[in-house]
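The structure appears right after this line, and notes come after that.
The values are calculated or read from the model by the stated rules, or taken from the named source; none is laboratory data. Predicted, not measured: the structure shown is a model, and the values here were computed from it. Note that each Cβ is placed from the backbone with ideal geometry, even for glycine, and that neighbours are counted across all protein chains shown.
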Amino acid sequence: MKNQAHKLTEIVNEERNSPSKTKFITITSGKGGVGKSTMSANLAHLLSQRGYKVGLFDADMGLANLDVILNVKTGKNILHLLKGEAELKDILVQVDENLLLIPGDSGDGIFRYSDEFILDRFYSQIGQLDELDYMIIDTGAGIGENVQNFVDAGDYVVVVTTAEPAAITDAYAMLKIISDKKDQVFMLLNQVKNRREADTIYDKIKKIAEKNIPNHGNISLIGAINKDTSVEKCIRSRTLFSKEFKNSIPTEQLNEAVDVLVAKMERKVLNPKEQSNFGSFFKKILKQF
Ligand SMILES: Nc1ncnc2c1ncn2[C@@H]1O[C@H](COP(=O)(O)OP(=O)(O)OP(=O)(O)O)[C@@H](O)[C@H]1O
Ligand SMILES: [Mg+2]
């Protein structure tokens, strides 16, 4: 018994001391324009406000635009780093004390990059990101291969949808694919009238999923965010609604979703072998594992 307790302490300590403890949360959607980037940026902000060290990686290969949302200037991006044309410190943008932006490339260049020699340098540089608690990955929409790569490489996935029928249909297709690969898939309903509307939609999705998705039990709703003018206003003024309107309903709702998300993530003990850092994440993206 004493031995077992000792072993347990050792494991706990090992985990605490482990440099690779970043949780990777991929934010995606079936349909475009549902609010992935807005929610990614605000989710990252709220997590950073809780004292976590957070990275926000702009992985929308079609239209990397987190710099616009966050109102920051970016120079070189992840592709330059991969190619050895920039150092990590040249591409990182410190948004806030606990929040870093990792600018992405608007193109699929990173997937075609595989120069072994330079990649070694890349992996040694990005080791500096190991101290992050969370990495939020904002992807593009759809079931295309590039987006799925980011879904596969992440530890957790949040599928964002609005209440619009076309968005729900596309989100459902996404949930079906992801629930087959991941033991947890989170759904975030955005731009709803109220929580009741979100619950009704979720109940309908669940009923259809129970009949048609083998691993429907992996899917859960983490929250619902109202459609609100404060969110639109902040997008226009390039500020974060969770920062500008701390007491608004959308901020309160996103905070509740963060509570649920953090609790669910903490409940799942990742196998040490599964633990990720930016290096292992990228190895998966570049299929080098
Ligand atoms: N809760 C909300 N209330 C009001 N407007 C919202 C809300 N969430 C998002 N929007 C609006 O929806 C628009 C699209 O948001 P956003 O760019 O975040 O979507 P996206 O899913 O990242 O799009 P894309 O697929 O093009 O990357 C923005 O103009 C934003 O103002
Ligand atoms: Mg976007």
Flagged in the stretch 63-73 as surrounded by fewer than 22 Cβ atoms within 10 Å (Cβ to Cβ) and farther than 19 Å from SER237 by Cβ, in numbering order, are LEU63
Restricting the stretch 19-49 to residues that are out of contact with any strand residue (DSSP E or B) (no Cβ under 7 Å at 6 or more places or on another chain), in a loop (DSSP other than H, G, I, E, B) and of a type outside the set (Lys, Arg), the one nearest to ligand 2 (Cβ to nearest atom) turns out to be GLY33
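Conditions (1) β-branched (Val, Ile, Thr); (2) touching a Gly at 6+ places or on another chain (Cβ under 9 Å); (3) within 20 Å of LYS264 (Cβ to Cβ), marked per residue:
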{"site": "ASN149", "(1), (2), (3)": "no, no, no"}
{"site": "THR162", "(1), (2), (3)": "yes, yes, no"}
{"site": "PRO165", "(1), (2), (3)": "no, no, no"}
{"site": "ASP170", "(1), (2), (3)": "no, yes, no"}
{"site": "LYS181", "(1), (2), (3)": "no, no, yes"}
{"site": "ALA198", "(1), (2), (3)": "no, yes, yes"}
Reported set for the stretch 40-66 where residues are within 17 Å of THR139 (Cβ to Cβ) and out of contact with any Leu (no Cβ under 7 Å at 6 or more places or on another chain) is PHE57, ALA59, ASP60, MET61, GLY62, LEU63, ALA64, ASN65
Note: among LEU100, LEU92, just one is closer than 18 Å to ARG238 by Cα and either more than 15 Å from ligand 1 (Cβ to nearest atom) or among the hydroxyl-bearing types (Ser, Thr, Tyr) (or both), namely LEU100
Sole miss for ASP60 among (1) surrounded by fewer than 18 Cβ atoms within 10 Å (Cβ to Cβ); (2) at pLDDT below 95 is condition (1)
Out of (1) in contact (Cβ under 8 Å) with a residue 40 or more places away in the chain; (2) away from ligand 1 (no atom under 11 Å from the Cβ); (3) within 19 Å of the chain's Cα centre (by Cα); (4) more than 23 Å from ASN247 (Cα to Cα), the one ALA59 does not meet is (2)
Taking the stretch 50-67 and keeping only residues that are on the phi < 0 side of the Ramachandran plot, in a loop (DSSP other than H, G, I, E, B) and more than 12 Å from ligand 2 (Cβ to nearest atom), one is left with ARG50, TYR52, LYS53
Selection from the stretch 203-232 of residues buried (at least 18 other Cβ atoms within 10 Å of the Cβ), near ligand 1 (Cβ under 10 Å from one of its atoms) and part of a helix (DSSP H, G or I) yields VAL231
Expected single match for away from ligand 2 (no atom under 16 Å from the Cβ), touching a residue at least 40 places away in the same chain (Cβ under 8 Å) and not basic (Lys, Arg) among LEU70, LEU81 is LEU81
Considering the stretch 24-34, residues that are small (Gly, Ala, Ser) and closer than 13 Å to MET187 by Cβ, and then whichever is nearest to ligand 1 (Cβ to nearest atom), we arrive at SER29
* **Filter result for ILE235 (modelled with pLDDT of 95 or more, within 20 Å of the chain's Cα centre (by Cα), part of a strand (DSSP E or B) and within 16 Å of ligand 2 (Cβ to nearest atom))** => no
Out of (1) out of contact with any strand residue (DSSP E or B) (no Cβ under 7 Å at 6 or more places or on another chain); (2) surrounded by 15 or more Cβ atoms within 10 Å (Cβ to Cβ); (3) touching a residue at least 24 places away in the same chain (Cβ under 8 Å), the one SER114 does not meet is (2)
Selection over the stretch 177-199 where residues are surrounded by 13 or more Cβ atoms within 10 Å (Cβ to Cβ) and in a helix (DSSP H, G or I) yields a count of 8
With the first residue restricted to the stretch 229-253 and required to be closer than 15 Å to GLY35 by Cβ, and the second required to be charged (D, E, K, R) and away from ligand 1 (no atom under 11 Å from the Cβ), Cβ contacts under 6 Å at 6 or more apart or on different chains are CYS234/GLU244
